[in-house]
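The values are calculated or read from the model by the stated rules, or taken from the named source; none is laboratory data. Small disclaimer: the values here were computed from a predicted structure and weren't measured. Quick reminder, even Gly has a Cβ in these numbers, built from the backbone with ideal geometry, and neighbours come from all protein chains shown.
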Amino acid sequence: MTQGAGQGPETERTATLRDFRVPAYVNETGPYVDSTHPGDVVPPLDEAYPEGYPDGYTPTQRDLPVINRGDTLQLPVEPAAAPVAQAAAGPGPLYVVGDVHGYFDELITALREQGLIDADRHWCAGTARLWFLGDFTDRGPDGIGVIDLVMRLSAEAAAAGGYCKALMGNHELLLLGAKRFGDTPVNSGAGTATFQAAWLLNGGQKTDMDRLQDHHLQWMARLDAVEEVDGYLLVHSDTTAYLDYGDSIEAVNDTVRETITRNDADEVWDLFRKFTKRFSFRDEGGADAVRSLLDTYGGTRIVHGHSPIPYLLGEVGSEDDEEGTGPVVTGPHIYADGLAIAMDGGVTMAGKLLVRQLPLDN
């Protein structure tokens, strides 16, 4: 294309971090390339160019120096996240995310480290598949921000040929119940309780409730409770209570949605109470409990959140670990004869928010 009105100089692509469009003249050599350092003695122009000035060169009172790289202020640049490797054919790589609990910044960091989002927090992983294991809100400062991010990434991933999906956690049920039923008494099995009181007791944040809108509620109410992907049975809670709601993945998910839709406070409370149970896979008989779920719903390994890894290991940290003595979590915890993978790194107790690709390296 010839240069005309409203058109700049011809441009070319450069392999820079942010893919700037660089004018062609930036890469040209010229009379300034070999200029001396500021402060050096500059030879007279007739000595510098005894055969005449180069074409297009306009002499000034003194030749303009080039500032060398060592004279400039060097600012650190955050390295770009390694892009997710794309499969030549078939589905993209599979990733899972443990409990987030409103820790928005930690989630952004973890997704960036895995190359799933870019510096502007948009999906950049192509056909990758990403599963959140539930518990987006409570305890941390920005649960609604987390939900908004997951909803947006779901649309962006689908447009790129991948997906971003989420499971129902017990804290989604708790937030739904607190919004719908408030202080309505429910039969807790140990006396009278309310969703509102339980929500506050379990880290409910007023800022989340104030920002909670109908589309957030509808999104949470439609989440699946169980899914099987690539031989991994994905659930939120480390409990066998899922067996109470159906003998297939489809049956469990349908029953959970129907229970929420009926809008009966006692029914939803019972669902919340059962999904809050934990440690079914940890102690004696834990491997058999995992097998009961795998035999019923399929898969060769179960992947769950809910119970923080420090709890599973008998290590308990504090919410505000200022002295750095909290639990050290470096990755998922494999246990129950290798059949269970725990993904809640204990971000609420100064642990780590985990995002990992499956299968694991170890």
*Return yes when residue 180 is basic (Lys, Arg), under 17 Å from residue 271 (Cα atoms) and either part of a strand (DSSP E or B) or in the same structural domain as residue 349 (by TED's automatic domain parsing) (or both) and no when it is not.*
yes
*Out of segment 227-262, which residues are among the hydroxyl-bearing types (Ser, Thr, Tyr), touching a Phe, Trp or Tyr at 6+ places or on another chain (Cβ under 6 Å) and either in a helix (DSSP H, G or I) or at pLDDT below 95 (or both)?*
255
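Quick check: is even one residue across segment 77-92 modelled with pLDDT of 95 or more and in a loop (DSSP other than H, G, I, E, B)?
The answer is yes; a qualifying residue exists.
So is residue 161 more than 17 Å from residue 135 (Cα to Cα), exposed (fewer than 14 other Cβ atoms within 10 Å of the Cβ) and either touching a strand residue (DSSP E or B) at 6+ places or on another chain (Cβ under 9 Å) or at pLDDT below 95 (or both) or not?
Working: more than 17 Å from residue 135 (Cα to Cα): yes; exposed (fewer than 14 other Cβ atoms within 10 Å of the Cβ): yes; either touching a strand residue (DSSP E or B) at 6+ places or on another chain (Cβ under 9 Å) or at pLDDT below 95 (or both): no.
Against the criterion (more than 17 Å from residue 135 (Cα to Cα), exposed (fewer than 14 other Cβ atoms within 10 Å of the Cβ) and either touching a strand residue (DSSP E or B) at 6+ places or on another chain (Cβ under 9 Å) or at pLDDT below 95 (or both)), residue 161 does not qualify.
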*Just for segment 92-119: of the residues that are in contact with a Ser or Thr (Cβ under 8 Å, 6 or more places away or on another chain) and among the small types (Gly, Ala, Ser), which one is nearest to residue 353 (Cα to Cα)?*
102
*Any hit, segment 131-151, residues being closer than 16 Å to residue 357 by Cβ and not hydrophobic (A, V, I, L, M, F, W, C)*: no
_Here are the criteria: (1) within 28 Å of residue 359 (Cα to Cα); (2) touching a Ser or Thr at 6+ places or on another chain (Cβ under 7 Å). Tell me which single one residue 245 does not satisfy._
(1)
*Just need a number here: residues in segment 216-235 that are out of contact with any helix residue (DSSP H, G or I) (no Cβ under 7 Å at 6 or more places or on another chain) and in contact (Cβ under 8 Å) with a residue 60 or more places away in the chain.*
5
_Given (1) among the acidic types (Asp, Glu); (2) at pLDDT below 95; (3) touching an Asp or Glu at 6+ places or on another chain (Cβ under 8 Å), number of the condition residue 284 does not satisfy_ = (3)
*Of all the residues that make up segment 123-146, how many are farther than 21 Å from residue 197 by Cα, among the aliphatic types (A, V, I, L, M) and not in a strand (DSSP E or B)?*
4
*Take the residues in segment 147-177 that are outside any helix (DSSP H, G or I) and without any contact (Cβ under 8 Å) to a residue 60 or more places away in the chain, then tell me which one is nearest to residue 220 (Cα to Cα).*
166
